[in-house]
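Notes follow the structure.
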Amino acid sequence: TGTLTTGNFALERIEVQSDKLSEEDALAFAAALQAHSRHPLAKAFSSITPASEIENTQYLVGRGLQGNLGAHTLRLGSPAFIQQYVCASVKAPVERMHWIALAIDEALVAWFGLTDELHSSAERTVETLSEAGLRVELLSGDSSARAEDLATRLPFASATLSQSPEQKRVYVASLQQQ
């Protein structure tokens, strides 16, 4: 989906899921984790003052970030990544945005809804390739409602979402063998 959009993500919505955490703290924790990322999503948090206490931050490609705040582990990333660590079911809000979640230890504490604009030439490019007889597919690491929206708005032959970088590499390699 990043090829089809501008990559200029904006933070549009914050939904705190814990009465023990303020919106400001959730933003500060997310900004502290995102400060260690080169992913385009990180830019949406660049103007927020990060919490300075987070240590041992790790970027987990295609999944998210994690770090330590004292004895607590903070994780920020896709719903699938967060689901691996929290006790409750993780279901992103339904609004058509790119949603990432913040968890502290085994608790989901906040959702961040991000938006990105479609490249002005995306629809015409997909149409032109299709008209030339090519099978145009969407292969995305994104699983958000926003990715689903792109898959339905643009004339793809098929769309496969929630793919890791390795899954995408294997898929493309299989196509190259055909």
Determine, yes or no, whether residue 174 is at pLDDT 85 or above, loosely packed, with under 14 Cβ neighbours inside 10 Å and under 24 Å from residue 43 (Cα atoms).
no
Kindly provide the set of residues from the stretch 1-13 that are open to solvent by less than 40 Å² (accessible area, probe 1.4 Å) and under 22 Å from residue 91 (Cβ atoms), ordered by number.
1
Residues of the stretch 43-91 being over 19 Å from residue 161 (Cβ atoms), open to solvent by less than 30 Å² (accessible area, probe 1.4 Å) and in a strand (DSSP E or B), in sequence order, are 65, 67, 74, 76
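Condition check ((1) open to solvent by less than 40 Å² (accessible area, probe 1.4 Å); (2) without any contact (Cβ under 8 Å) to a residue 12 or more places away in the chain; (3) touching an Asp or Glu at 6+ places or on another chain (Cβ under 6 Å)) across all residues:
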site: 110; (1), (2), (3): yes, no, no
site: 137; (1), (2), (3): no, no, no
site: 158; (1), (2), (3): yes, no, yes
site: 162; (1), (2), (3): no, no, no
site: 165; (1), (2), (3): no, no, no
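Take the stretch 98-120 and flag every residue that is part of a loop (DSSP other than H, G, I, E, B), in contact with a strand residue (DSSP E or B) (Cβ under 7 Å, 6 or more places away or on another chain) and under 17 Å from residue 30 (Cα atoms).
Correct list: 105 only.
The values are calculated or read from the model by the stated rules, or taken from the named source; none is laboratory data. Just so it is clear, the model here is predicted, and its values are computed rather than measured. Note that each Cβ is placed from the backbone with ideal geometry, even for glycine, and that neighbours are counted across all protein chains shown. Ligands, DNA and RNA are stripped out before the accessible areas are found, and what is left, the full protein with its side chains, is counted by its heavy atoms. Shrake-Rupley method; radii C 1.70, N 1.55, O 1.52, S 1.80 Å.
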